[in-house]
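The values are calculated or read from the model by the stated rules, or taken from the named source; none is laboratory data. Predicted, not measured: the structure shown is a model, and the values here were computed from it. Note that we place each Cβ from the backbone using ideal geometry, even for glycine, and neighbour counts take in every protein chain shown.
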Amino acid sequence: MQFKGNLCLLMAAFIWGITFVAQLVGMDDIGPFTYGFARYVVGTFALVPVWWFFRGRRNTNRQNGSYSPGWKAGIGAGLIMFVASAFQQCALQYTTAGKTAFITCLYIIFVPMISVIIGKVLNVENWIGAIAAVIGLYCLSVKGDFSLNYGDGLAFICSIFWSFHIMYIDRFADKNDNIELSVAQIVVCAILNCLTAFSVEHVVWQDIFHSWFPIVFAGVMSSGIAFTLQIVGQKYAEPSHAAIIMSLESVFGALGGWMILNERMTGIEILGCVLMLLGMFITQGRIIFKKKPIE
């Protein structure tokens with residue numbers, strides 16, 4: 001089952017990686033909260049049919065007493081996700097995509113730290129894998145420029161809240177209906193982005209329709225599918241492992257640009273990809289690390 005969880009998280013990372021461009025292009029004509037509002041509305045419409053499709057399984061679980069609704073847990077997840085995604089989307093207006101990806105994925109380090117604070121026991125490979133992945137992220141994303149600006153600060157706050165989101169999902173994923181949890185968090189994000197957009201931005205429906213492709217693509221693929229895969233994957237994966245696997249979105253984004261957009265990858269960027277993949281494999285390598293975790 002751990003393999004199933006890792007596969008779901010890897011698929012989520014792949015989708016997030018290829019969807020990252022849509023987040024940038026989607027803000028060419030509209031503000032970050034308007035984009036978020038439209039994106040999560042599309043994500044809601046993409047997930048509702050999935051929720052309806054699995055109604056038979058929920059009825060079966062009700063009959064055998066194993067059903068636990070995910071609506072309440074989804075509200076909390078949606079609140080955290082709204083803050084994290086809002087800071088990330090706003091950060092993209094002030095800093096580069098590479099630096100945003102690097103700083104956002106610092107949850108690789110924050111998640112193990114939070115895990116230790118709340119009493120979870122981590123193995124040495126968790127820390128070694130996290131450090132290797134962070135070094136790889138730096139090589140892949142920053143490209144020699146690490147002067148900090150306002151956008152970088154927003155991305156840093158975003159990373160902290162994504163860490164909270166990963167830990168929150170770890171707490172509720174194996175106890176609640178995953179589809180309902182996912183639908184609830186997407187609906188919350190749609191509502192909060194809507195309220196914020198109409199409060200602080202000038203919403204023009206024509207501009208939203210003009211940006212329909214990046215909105216629909218991100219709404220269906222990222223908001224609808226990938227976040228659901230994250231919830232399902234975290235049922236079977238420890239949060240520190242999940243953080244490293246999900247951070248591979250940076251690798252998939254870079255590889256996608258190389259394969260589809262003919263963007264050239266330097267030697268240091270290729271090294272970054274290798275180190276991130278190495279970090280993921282190290283966290284799964286308990287056969288190599290024979291020491292017991294320190295209590």
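Checked against (1) modelled with pLDDT under 85; (2) buried (at least 19 other Cβ atoms within 10 Å of the Cβ), Ile268 passes all but a single condition, namely (2). Could you go through segment 56-75 and let me know if any residue there is buried (at least 22 other Cβ atoms within 10 Å of the Cβ), under 20 Å from Phe213 (Cβ atoms) and modelled with pLDDT of 90 or more. Within segment 56-75, none of the residues are buried (at least 22 other Cβ atoms within 10 Å of the Cβ), under 20 Å from Phe213 (Cβ atoms) and modelled with pLDDT of 90 or more.
Of all the residues in segment 243-265, those that are surrounded by 22 or more Cβ atoms within 10 Å (Cβ to Cβ) and either modelled with pLDDT under 80 or out of contact with any helix residue (DSSP H, G or I) (no Cβ under 6 Å at 6 or more places or on another chain) (or both) number 4. Residues that are surrounded by fewer than 23 Cβ atoms within 10 Å (Cβ to Cβ) and in contact (Cβ under 8 Å) with a residue 40 or more places away in the chain number at least 3 in the following helices (runs of 4 or more DSSP H) confined to segment 180-242: 205-210, 212-217. Scanning segment 93-103 for residues that are at pLDDT 80 or above and crowded, with 24+ Cβ neighbours inside 10 Å gives no hits.
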